[in-house]
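Colleague: The structure that follows is given in the form of C-alpha cells.
The values are calculated or read from the model by the stated rules, or taken from the named source; none is laboratory data. Everything numeric here is computed off the predicted structure, so don't read it as measured data. Ideal geometry is used to build each Cβ from the backbone, glycine not excepted, and the neighbour counts take in all protein chains shown.
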Amino acid sequence: MEATLDTFQLLGKLFYYFLESLVYCIIPKRKKSVAGEIVLITGAGSGLGRELAIKFSHLGAILVLWDINKEGILETSRLVKKNGGEKVYTYTCDCGNRQEVYNVAKQVKKEVGDVTILINNAGCVTGKSFLETPDNMVEKSFHVNALSHFWTYKAFLPAMIAADHGHLVCISSAAGQIGTNGLVDYSASKFAACGTAEALFFELNLQRKTKIKITIVCPYFINTGMFDGCATKYPLLLPLLEPEFATQTIVNAILRNQLYVLMPKILWFAMIIKQVFSVKMILAVSKYLGMDTFLLNFKGRQPAKEIQTGIEETPSIQAAKKVMQ
Ligand SMILES: NC(=O)c1ccc[n+]([C@@H]2O[C@H](COP(=O)([O-])OP(=O)(O)OC[C@H]3O[C@@H](n4cnc5c(N)ncnc54)[C@H](O)[C@@H]3O)[C@@H](O)[C@H]2O)c1
C-alpha cells in the first residue's frame with residue numbers, strides 16, 4: 001500500500017515538474033543578482049576565465065582570480081579595472097597542488113572573505129594519442145582538470161554550507177560527456193570533473209542543502225586558443241564556439257542556477273545517440289562528424305594567441321609574440 005502511494009506521489013511530482021519545465025522553456029527563470037558576491041575563478045589568466053572575470057565584474061561581483069600564470073591574472077585584473085571593475089584580488093596558485101590550494105584558500109578567506117561562487121575553470125590539454133601521451137601529462141591532466149576541483153570544493157564548501165548560500169561551477173567539456181579520441185587523458189579527467197560535481201549535487205540535495213547550487217558546463221571547442229589547430233568538419237552542424245557566446249551562456253546558466261550546460265545544444269542529441277544507437281551507428285556518426293580528423297593539426301595554446309573578443313593585445317602578449325618570431 002505504501003509503495004503504491006509512493007509511486008502515485010512520484011508520478012504526480014513528475015507530471016508537475018514536467019509542466020514546470022515546459023513553462024520555463026517559454027518563460028525563462030529569473031536571473032539572480034550576484035552583486036557583492038565573492039566570485040573565485042580559477043584559470044583566470046586567459047581565455048574563458050578572463051572573459052568570465054570581466055562579465056562578473058560588470059555584474060557587481062567581488063573577484064578573486066587564481067592562475068598559475070602570474071602575468072596572466074595581473075593582465076586580467078588590469079582589464080577588469082579598465083572596464084570599470086574595482087574589487088579584484090589576484091593570487092598565483094597551482095590548482096593541481098593540494099597544499100597550495102589550501103594555503104591560498106586560507107589567505108583568500110582572511111584577506112577577502114568567504115567565497116560564495118566558485119568557478120573551477122583552470123584546465124590543460126595534452127592533445128596526443130593515448131600511447132604517445134607521457135605519464136606525467138596524464139597525471140597533470142588529472143591534477144589540474146579533476147583533482148583540483150576536490151581541493152577547491154573542500155576549501156570553500158564548508159563556509160557555503162554554514163551560510164546556506166553558495167554556487168559551485170565545474171567547467172568541464174563535451175569530452176567529459178563523450179569519450180574523445182586523441183584526448184584520452186583530457187576526456188577522462190573531464191569525465192571525473194563532471195562525475196564529482198554531479199555526485200556532489202546529489203549529496204547536497206539529498207541532505208537538503210538545496211541552497212548550494214551546482215552548474216556543470218560541457219562545451220565543444222571554443223576559439224580561445226587552447227585547442228588551436230582543431231577543425232570541425234561541418235561547422236553549421238557542430239560549430240567552433242566563440243568565447244563571447246560561450247562565456248555569456250555560462251554566466252546566464254549560473255544566474256539561473258542551471259545544473260547542466262551543453263554547448264552547442266546539438267550535443268544533447270549526441271548524448272541520446274550514445275545511449276540508444278548501435279556501436280556501428282555511433283562510429284558512422286562520429287566519422288561523419290569528422291571525429292577521426294579534427295585533431296590532425298592540433299597545436300594547442302600558442303603563447304601569442306589572444307582570444308577574439310575585442311580584448312586588446314597586452315604587453316605580455318606582445319613580448320611573447322616577439323619571442324615566437
Ligand atoms: N577552449 C576550448 O575549446 C574548451 C572546450 C571545452 C572546455 N574547455 C575548458 O574550459 C576551461 C578554460 O579553457 P580556455 O579555453 O579558456 O583555455 P586557456 O588555456 O585560455 O585557459 C586555461 C587557464 O588555466 C590556467 N591553468 C593551467 N594550469 C593551471 C594550474 N595548474 N593552476 C592554475 N591555473 C592553471 C592557464 O594558465 C590558463 O590561464 C578549461 O577547463 C578547458 O578545459 C575549453
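Colleague: When you go through 232, 249, 215, 224 one by one, which is the residue that is part of a helix (DSSP H, G or I) and within 25 Å of residue 189 (Cβ to Cβ)? Before the answer, list the steps.
Modeller: Working: 232 fails: part of a helix (DSSP H, G or I); 215 fails: part of a helix (DSSP H, G or I); 224 fails: part of a helix (DSSP H, G or I).
Step by step, each of 232, 249, 215, 224 is checked, and only 249 is part of a helix (DSSP H, G or I) and within 25 Å of residue 189 (Cβ to Cβ).
Colleague: Next question. Counting only residues that are among the polar types (S, T, N, Q) and under 21 Å from the mean Cα position of the chain (by Cα), which one in segment 104-135 is nearest to the ligand (Cβ to nearest atom)?
Modeller: Quick first cut of segment 104-135, residues among the polar types (S, T, N, Q) only: 107, 116, 120-121, 126, 129, 133.
Checking which are under 21 Å from the mean Cα position of the chain (by Cα) leaves us with 116, 120-121, 126.
Numbers: 116: 21, 120: 8, 121: 5, 126: 11 Å.
So the residue we want is 121.
Colleague: Could you list all residues from segment 125-138 that are in a helix (DSSP H, G or I) and exposed (fewer than 14 other Cβ atoms within 10 Å of the Cβ)? So that I can check it myself, show each step before the final result.
Modeller: Step one: list which residues in segment 125-138 are in a helix (DSSP H, G or I), which gives 130-132, 135-138.
Hits for segment 125-138 are 130, 131, 132, 135, 136.
Colleague: In this structure, is residue 187 crowded, with 21+ Cβ neighbours inside 10 Å, in a helix (DSSP H, G or I) and near the ligand (Cβ under 10 Å from one of its atoms)?
Modeller: No.
Colleague: Restricting attention to segment 66-114, which residues are within 18 Å of residue 155 (Cβ to Cβ) and of a type in the set (Asp, Glu)?
Modeller: Correct list: 67, 94, 100, 111, 114.
Colleague: Based on what the data block shows, is residue 142 part of a helix (DSSP H, G or I) and either within 13 Å of the ligand (Cβ to nearest atom) or of a type in the set (S, T, N, Q) (or both)?
Modeller: Values: part of a helix (DSSP H, G or I): yes; either within 13 Å of the ligand (Cβ to nearest atom) or of a type in the set (S, T, N, Q) (or both): yes.
Answer is yes for this residue.
Colleague: List the strands (runs of 3 or more DSSP E) inside segment 1-117, counting only whole elements, that have at least 2 residues being touching a residue at least 24 places away in the same chain (Cβ under 8 Å) and in contact with a Cys (Cβ under 8 Å, 6 or more places away or on another chain). Working first, answer last.
Modeller: Details: elements: 38-42, 62-67, 88-92.
Qualifying strands (runs of 3 or more DSSP E): 62-67.
Colleague: How many residues are hydrophobic (A, V, I, L, M, F, W, C) and within 13 Å of the ligand (Cβ to nearest atom) if we restrict to segment 190-204?
Modeller: The first filter runs over segment 190-204 and keeps only residues hydrophobic (A, V, I, L, M, F, W, C), leaving 191-194, 197, 199-202, 204.
Checking which are within 13 Å of the ligand (Cβ to nearest atom) leaves us with 191-194, 197.
Selection size over segment 190-204: 5.
Colleague: Related question: Looking at segment 148-182, which of its residues are under 28 Å from residue 272 (Cα atoms) and of a type in the set (A, V, I, L, M)?
Modeller: Scanning segment 148-182 gives 168, 169, 171, 174, 175, 178.
Colleague: Moving to a separate point now. Exactly one condition in (1) in contact with a His (Cβ under 9 Å, 6 or more places away or on another chain); (2) more than 16 Å from residue 49 (Cα to Cα); (3) not in a helix (DSSP H, G or I) is false for residue 238; which is it?
Modeller: Unmet for residue 238, out of (1) in contact with a His (Cβ under 9 Å, 6 or more places away or on another chain); (2) more than 16 Å from residue 49 (Cα to Cα); (3) not in a helix (DSSP H, G or I): (1).
Colleague: Taking the condition in contact (Cβ under 8 Å) with a residue 24 or more places away in the chain, in contact with a helix residue (DSSP H, G or I) (Cβ under 8 Å, 6 or more places away or on another chain) and either part of a strand (DSSP E or B) or more than 17 Å from residue 119 (Cα to Cα) (or both), does residue 149 pass? Spell out how you get there, then give the answer.
Modeller: Working: in contact (Cβ under 8 Å) with a residue 24 or more places away in the chain: yes; in contact with a helix residue (DSSP H, G or I) (Cβ under 8 Å, 6 or more places away or on another chain): yes; either part of a strand (DSSP E or B) or more than 17 Å from residue 119 (Cα to Cα) (or both): no.
Here the answer is no, as residue 149 does not meet what is asked.
Colleague: Mind counting the residues in segment 227-240 that are within 14 Å of the ligand (Cβ to nearest atom), in contact with a Leu (Cβ under 9 Å, 6 or more places away or on another chain) and of a type outside the set (Val, Ile, Thr)?
Modeller: 5
Colleague: If you check every pair at least six apart or on different chains, which have Cβ atoms under 8 Å apart with a residue in segment 241-268 that is away from the ligand (no atom under 12 Å from the Cβ) and modelled with pLDDT of 95 or more first and a residue that is of a type in the set (Phe, Trp, Tyr) and not in a loop (DSSP other than H, G, I, E, B) second?
Modeller: From residues that are away from the ligand (no atom under 12 Å from the Cβ) and modelled with pLDDT of 95 or more, the pairs are 251/56; 259/201.
Colleague: Tell me whether segment 147-169 contains one or more residues that are closer than 24 Å to residue 292 by Cα and among the polar types (S, T, N, Q). Explain how you work it out, then say what you get.
Modeller: As a first pass, look at segment 147-169 and keep what is closer than 24 Å to residue 292 by Cα: none.
Scanning segment 147-169, I find no residue that is closer than 24 Å to residue 292 by Cα and among the polar types (S, T, N, Q), so the answer is no.
Colleague: Just one of (1) more than 25 Å from residue 293 (Cα to Cα); (2) touching a Leu at 6+ places or on another chain (Cβ under 9 Å); (3) assigned to a helix (DSSP H, G or I) trips up residue 175, so point out which.
Modeller: (1)
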